[in-house]
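These notes are about the structure you will find just below.
FYI, it's all coordinate maths here, none of it is from the lab. Being a predicted model, the structure only gives us computed values, none of them experimental. Here Cβ is always computed from backbone atoms with ideal geometry, including for glycine, and neighbour counts include all displayed protein chains.
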Amino acid sequence: MAESNTDTKSSNQMWGGRFASDPDAIMEEINASIGFDKKLFAQDIRGSIAHATMLAHQGIISAEDKDKIVHGLNTILSEIEGGNFEFSRRLEDIHMNIEARLATLIGPAAGRLHTARSRNDQVALDFRLWVKEELQKTEQMLTGLIAAFLDRAEEHAESVMPGFTHLQTAQPVTFGHHCMAYVEMFGRDRSRVRHAIEHLDESPIGAAALAGTGYPIDRHMTAKALGFREPTRNSIDTVSDRDFAIEFLAIAAITGMHLSRLAEEIVIWSTPQFGFIRLSDAFSTGSSIMPQKKNPDAAELVRAKTGRINGSLIALLTIMKGLPLAYSKDMQEDKEQVFDAAESLELAIAAMTGMVRDMTVNTARMKAAAGSGFSTATDLADWLVREAGLPFRDAHHVTGRAVALAESKGCDLAELPLADLQAIHSAITDKVYDVLTVEASVASRKSFGGTAPSEVRKQIAFWRARN
């Protein structure tokens, strides 16, 4: 969509008689927001149609003028969607671009549209509508990502892999259980999205510049028409509030952090040293010089997107932190941060959903790694507590001696002869070998939320019911 070189007179006409001279080029450059806020065109037109309809219903403007306004706004919507609308920087923003075009289309009736409203409540409405729609889209995308993990978890409820703490082998778990950890993370993210939608579900239109209006408007009517639960309750707060945008960015940052943790695991798991998974060609690239390379670029870029999202959150918090009530022009800088973060988040969720669905899981490699690093040591300690009656701290000490012996012999705990184990503690019997395999270790973890396949399947069923 091209930008026109509209005469500066247009700008002065929009402002009225207060300013006699044209804006300086530098002022025009710093003041104009049409380069990015044209993204709000659909919300602006939707809000204006609801406002004009309410004004006519209340007898503030005539039905004839309302019909002209609505017809003109729908014409403008078609022009913008069809790529036939010329945006002018001299008209500053999306609101004045649309209003100027409306005046060209329908004449003096266009001037009645701005009755009982200000650009302050108008932009608050447009932006709130946009963020609400973006949150609804994010909710749907997170639901899709959760579904992808549920499918992989069900497929691998019994697939053994090493569980890590400090990125060191800790205890055996199942890949299904590991997948369900991300279901919990992204489930919390989706819950935050739903709460954010509830928080912002109030209509700003009618707050006017900051004090409300003396016209007999019906704010409940416009709120209902625009899909809000109710109108906002304080006109000063309404035009100065950007909590809904900050909350969106906070949610995006937390979700991005979860995506980045997953991306890091995918990068590690796909290395030849681990070999737990293999990404499809759709989410990998090659090297320009090393033909053997298959790089997890999609995961790495998801990891990087988190930095951009975090930066957007900090930027908007910084913009808002020192502003007195009510509206200040600083708040024009809110939208680019949110638009950029939303684009990054959408792309990251979509890419990660694709990677989770497409990846090939090397269960044999995972199982082999699960038994490394004496991962069943805790099972030996637990057996000593249950079967030999040792206090856990004593059992921990005995197990430590067994691990040291196995390490010196270059074997796993399950490969130690019974005589060697009994030399460490006489209460050990041959039944101990029943708990020293990774399969037995995993199967024994039947506590609620544990890694036992039976428990993993219970959690999958729970999440399928609520997803």
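Net length available on complete extension from residue 62 to residue 405 is 114.2 nm, with 0.36 nm assigned per residue and the Cα-Cα distance removed. In a reduced charge model with +1 at each Lys and Arg Cβ and -1 at each Asp and Glu Cβ, segment 369-465 shows a dipole moment near 500 debye about its Cα centre.
Across every pair of non-identical alpha carbons in segment 197-312, the mean reciprocal distance, once inverted, gives a Kirkwood radius of 18.1 Å. Residue-wise HN-Hα couplings along segment 147-158, as the Karplus relation 6.51 cos²θ - 1.76 cosθ + 1.60 with θ = phi - 60° gives them from phi, are 4, 4, 5, 4, 5, 5, 5, 5, 5, 10, 4, 10 Hz; Gly and Pro carry x. Summed over all non-identical Cα pairs, the Kirkwood treatment of segment 304-462 gives a radius of 20.7 Å. As a calculated quantity, the FRET efficiency between residue 397 and residue 448 at R0 = 25 Å, using C-beta atoms, amounts to about 0.25. Take every DSSP beta bridge whose two residues both sit in the chain; close to 70 percent of them are antiparallel. Taking amide H as placed 1.01 Å from N in the peptide plane, residue 174 has its amide H under 5 Å from the amide H of 161, each at least 5 places away in sequence or on another chain. Computed from the alpha carbon atoms alone, the convex hull of segment 85-162 holds 182 Å³ per residue.
Step through the table entries 305/335; 132/321; 39/68; 39/132; 132/305; 367/458, compare each Cα-Cα distance with 20 Å, and write down the pairs that go over it.
132/321; 39/68; 132/305; 367/458
Averaging the inverse of every distinct alpha carbon separation and then flipping it gives the Kirkwood radius. What is it for segment 31-112, in angstrom units? After inverting the mean inverse Cα-Cα distance, the result is 12.8 Å.
Computed from backbone phi with θ = phi - 60° and the Karplus coefficients 6.51, -1.76 and 1.60, the 3J(HN,Hα) list for segment 386-392 is 6, 8, 9, x, 6, x, 4 Hz; x is used for glycine and proline.
Let's see if you can work this out: charge +1 on each Lys and Arg Cβ, -1 on each Asp and Glu Cβ, no other charges. What is the dipole magnitude of segment 31-112 about its Cα centre, in debye to the nearest 20? Its charge dipole is roughly 60 debye. Summary of packing: across the peptides 339-345, 452-458, 44-50, the per-residue average of other C-beta atoms within 10 Å ranks them, highest first, as 44-50, 339-345, 452-458. If we count every other residue with Cβ under 14 angstrom of residue 44's Cβ, Lys/Arg +1 and Asp/Glu -1, where does the sum land? Result for the local shell: -1. For segment 262-283, backbone nitrogen atoms closer than 20 Å to the point 7 Å from residue 297 Cα along Cα-to-C-beta are found at 263-272, 278-283.
In this simple spin-label approximation, residue 368 and residue 198 carry label points 7 Å from Cα along the Cα→Cβ vector, and these lie 5.0 nm apart. Positive contributions from Lys and Arg (+1) and negative ones from Asp and Glu (-1), summed over other residues with Cβ under 11 Å from the Cβ of residue 320, come out at -3. Other residues lying with their Cβ under 14 Å from the Cβ of residue 224 contribute a combined charge of -1, Lys and Arg counting +1, Asp and Glu -1.
In the chain, helical runs assigned H by DSSP with n ≥ 4 each contribute -39500 (n - 2.57); averaged across all residues and rounded to the nearest 500, the mean residue ellipticity at 222 nm is -20000 deg cm²/dmol. 3J(HN,Hα) along segment 271-278: 6, x, 5, 8, x, 6, 9, 9 Hz, from the Karplus curve 6.51 cos²θ - 1.76 cosθ + 1.60 with θ = phi - 60°, whole Hz, x for Gly and Pro. By the rule of a C-alpha distance below 12 Å, with chain neighbours fewer than 8 residues away ignored, no aspartates and glutamates are paired with residue 66. Whole angstrom only: what separates the Cα centroid of segment 116-186 from the Cα centroid of segment 311-373? Each part reduced to its Cα centre gives a spacing of 11 Å. Scattering from the chain was approximated by placing one identical point on each alpha carbon and applying the Debye formula without solvent; log10 I(q)/I(0) at 0.08, 0.10, 0.11, 0.13 1/Å stands at -0.65, -0.84, -0.94, -1.14. Comparing 169, 206, 136 along the charge dipole axis of segment 133-208, the residue lying farthest to the positive side is 169, per the Cβ-charge model.
Computed packing ranks the peptides 384-397, 101-114 as 101-114, 384-397, most packed first, by mean other Cβ atoms within 10 Å.
Derived from the Cα gyration tensor, the three semi-axes of the equivalent ellipsoid of segment 117-205 are 41, 13, 8 Å, largest first. With a simple spin-label model that places each label point 7 Å from the Cα along the Cα-to-Cβ direction, the separation between residue 218 and residue 42 comes to 2.8 nm. Specify which residue in the list 404, 348, 60 is farthest towards the positive end of the charge dipole of the chain, using unit charges on the beta carbon of Lys, Arg (+1) and Asp, Glu (-1), about the Cα centre. So the residue furthest toward the plus end is 404. Equivalent-ellipsoid semi-axes for segment 369-465 (Cα gyration tensor, √(5λ), whole Å, largest first): 28, 15, 10.
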